[in-house]
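Okay, structure first, notes after.
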Amino acid sequence: MLRKSPQAALLAAIAFAPFAVPAAATPAQGTGVAWNIVEELTTEIGPRPAGSPAEGRARDWGAEKLKALGFQNVRIEDFKTLAWQRGEEHARLTAPYEQPLAITALGYSVPTPKGGLKAELVYFPTLAALEAAPDGSLKGKVAFIDHAMRRAQDGSGYGPYGDVRRKGPSVAAKKGAAGVVIRSVGTDGHRNPHTGVTVWDKGVTPIPAGAVSNPDADLIARITGRGSMRIDMTLMGKPFPDAPSGNVVAELPGRDPALPIILAGCHLDSWDLGTGAIDDGAGCAIVAAAALAAQQGGQTLRTIRVLWAGNEEMGLADGGGAHYLKLHGSEPHAIAMESDFGADRVWQIKFSGAPENKELADKVNAALWPMGIVPHPGPADGGADVGPIIAAQHLTVIDLGQDGTRYFDLHHTPDDTLDKIDPAALQQNVDAWAAVLKIIANEPGDIGKAAQDSDRH
Ligand SMILES: [Zn+2]
């Protein structure tokens with residue numbers, strides 16, 4: 001072989017660079033229990049909306065998987081839920097300019113009339129501006145609600161800006177609107193609209209509700225003021241009652257089964273647009289893999305119970321968390337945790353317990369410092385799947401906060417797929433979770449004595 005000097009090789013590389021075909025991005029392949037769980041779930045089941053046959057397949061797969069991994073007392077706890085099924089969906093502006101819109105319906109939207117809803121589109125820069133509109137002023141019109149969500153490491157924009165999706169459609173309906181469109185609750189610049197559930201207030205007649213992508217929302221904002229806007233939209237998704245959902249519950253029994261247990265939750269259902277890799281296949285993978293890893297070096301003192309909840313995405317009063325409370329509310333729990341914020345690295349920990357638990361909190365914090373995870377004053381809140389049992393039993397709660405910088409680029413979009421999971425970050429989650437579970441599941445005493453609610457909020 002002809003040896004080239006480094007300079008010659010560099011020059012050759014530069015010379016050929018403009019003609020080089022960029023290699024396709026090769027997603028990293030992971031190994032280990034957590035990767036295996038989320039890889040199988042997203043590959044063999046895929047999208048699994050609450051109440052769908054796919055969610056049922058995910059439960060069956062999940063129960064088998066957990067048994068095969070060595071979990072005991074594995075069971076599926078069925079319940080019925082109000083589900084929602086997507087239909088045909090498309091929209092375009094027809095005035096003052098013709099523009100196609102990238103749109104998707106929100107969960108619990110009702111269908112537009114056959115042939116589409118053709119109406120004036122009225123722009124509101126904020127949810128507050130819509131709330132200030134006079135009652136009845138939107139009769140026959142479609143409201144557009146804008147907002148200014150920005151990316152944040154802790155994902156905190158989802159609280160306030162998420163209200164545009166959760167509450168906005170109800171407000172529009174109360175003002176007499178015939179339909180509502182929102183800027184997606186997301187931080188990306190792709191033409192991927194973000195779906196998600198909306199909540200109809202009691203007494204409100206639901207209307208067709210959709211979200212457009214951020215670039216489409218930018219377009220609508222720019223067109224505002226250049227003439228009256230009209231939209232032609234077709235959103236055929238609709239709710240259906242009494243759909244089958246269910247939780248998968250599994251345990252790694254402790255040496256003292258009488259002690260209050262440790263609960264580790266996530267949700268098995270996903271939105272339908274992607275394959276639910278980061279929301280929340282990763283969470284289920286993390287909690288199960290960590291519960292197993294916590295047994296290395298010896299069975300834990302307390303039982304660790306894993307909850308792979310059904311219907312988190314659509315579930316409020318009738319979701320997996322509420323059903324778990326119904327069945328297990330009389331069993332003693334000590335601490336609850338949940339993983340439902342993707343698979344990027346854990347960088348902060350929140351510990352909400354009683355003052356008597358400070359020593360335990362210090363011990364947990366000390367174990368996480370070397371992993372680059374820092375204590376945050378909190379409060380910890382768990383999440384939707386473990387929230388009801390936390391509230392009912394006033395449990396101690398620990399949150400392992402993941403880096404959410406890119407979470408809302410992907411959340412509830414077609415881009416929620418396996419390739420977005422960094423195997424090394426996923427493993428860091430498992431390691432952090434395992435470290436915490438090992439400490440708390442081996443801790444004797446009354447560790448479940450939570451802070452009073454007044455301390456927590
Ligand atoms: Zn989720």
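A short reminder: the numbers here are calculations on the coordinates, not readings from a lab. Computed from a predicted structure; not experimentally measured. Glycine gets a Cβ as well: all are built from the backbone with ideal geometry, and neighbour counts include every protein chain shown.
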Between helix 53-68 and the chain, what is the angle of the helix's C-alpha long axis to the longest principal axis, kept within 0 to 90° and rounded to the nearest 10?
20 degrees
The chain, Cα convex hull volume normalised per residue, Å³:
190 Å³
How do Lys363, Lys175 rank when sorted from fewest to most other Cβ atoms within 10 Å of their own Cβ?
Lys363, Lys175
Taking the Cα-to-Cβ direction at Glu64 and at Asn365 and moving 7 Å from each Cα, how far apart do the two end points lie in nm?
4.6 nm
Averaging sequence separations of C-alpha pairs under 8 Å and six or more residues apart, then dividing by the length of the chain, give the relative contact order as a whole percent.
21 percent
Taking Cα atoms only, helix 358-368 is inclined relative to the longest principal axis of the chain by an angle, in degrees rounded to 10, of 80 degrees
Once every DSSP H run of n ≥ 4 in the chain is given -39500 (n - 2.57) and the sum is divided by its residues, what mean residue ellipticity at 222 nm do you get, rounded to the nearest 500 deg cm²/dmol?
-8500 deg cm²/dmol
The answer for Gly265, listing residues at least 5 apart or on another chain whose modeled amide H is closer than 5 Å to its amide H, is Leu307, Met337, Glu338, Ser339
A chain fully extended from Asp218 to Arg166 at 0.36 nm per residue, minus the present Cα-Cα distance, gains in nm 16.6 nm
Between Ile76 and Thr43, the two model label points (7 Å from Cα along the beta-carbon direction) sit apart by a distance in nm of 2.2 nm
Between helix 423-441 and the chain, what is the angle of the helix's C-alpha long axis to the longest principal axis, kept within 0 to 90° and rounded to the nearest 10?
50 degrees
What's the center-to-center distance, using Cα atoms, between segment 198-272 and segment 291-315 in Å?
25 Å
To the nearest µm²/s, what D does Stokes-Einstein give for segment 363-444 at 4 °C and 1.567 mPa s, using the Kirkwood radius over alpha carbon pairs as Rh?
87 µm²/s
Divide the volume of the convex hull of the Cα atoms of segment 139-182 by its number of residues and quote the answer in cubic angstrom per residue.
50 Å³
Could you give the nm distance between label points at Asp242 and Thr205, where each point is 7 Å from its Cα heading toward the beta carbon?
2.5 nm
Label 7 Å along Cα→Cβ of Ser137; segment 201-234 residues with amide nitrogen under 16 Å?
225
Starting at the first residue of segment 74-79, write each ³J(HN,Hα) from the Karplus equation 6.51 cos²θ - 1.76 cosθ + 1.60 with θ = phi - 60°, in whole Hz, x for Gly and Pro.
7, 8, 9, 10, 6, 8
All lysines inside 18 Å of Lys438 as judged from Cα atoms, apart from same-chain residues fewer than 8 positions distant
Lys350, Lys358, Lys363
Hey, with R₀ at 25 Å, roughly what FRET efficiency would Val374 and Asn442 work out to, going by the Cβ-Cβ distance, to 0.05?
0.60
Give, to the nearest whole percent, the P(r) tail of segment 87-236 beyond 25 angstrom, counting all Cα pairs.
18 percent
Straight-line reach from Lys202: which lysines fall under 23 Å, measuring Cα to Cα and dropping same-chain residues less than 8 apart?
Lys80, Lys139, Lys141, Lys167, Lys174, Lys175, Lys238
From the gyration tensor of the Cα coordinates in segment 192-328, what semi-axes in whole Å does the equivalent ellipsoid have, largest first, with each one equal to sqrt(5λ)?
42, 19, 11
Looking at the chain, send over the antiparallel percent of its DSSP beta bridges, to the nearest 5.
55 percent
For a protection proxy built on the mean count of beta-carbon atoms within 10 angstrom, sort 180-187, 63-70, 262-269, 204-211 highest first, please.
262-269, 180-187, 204-211, 63-70
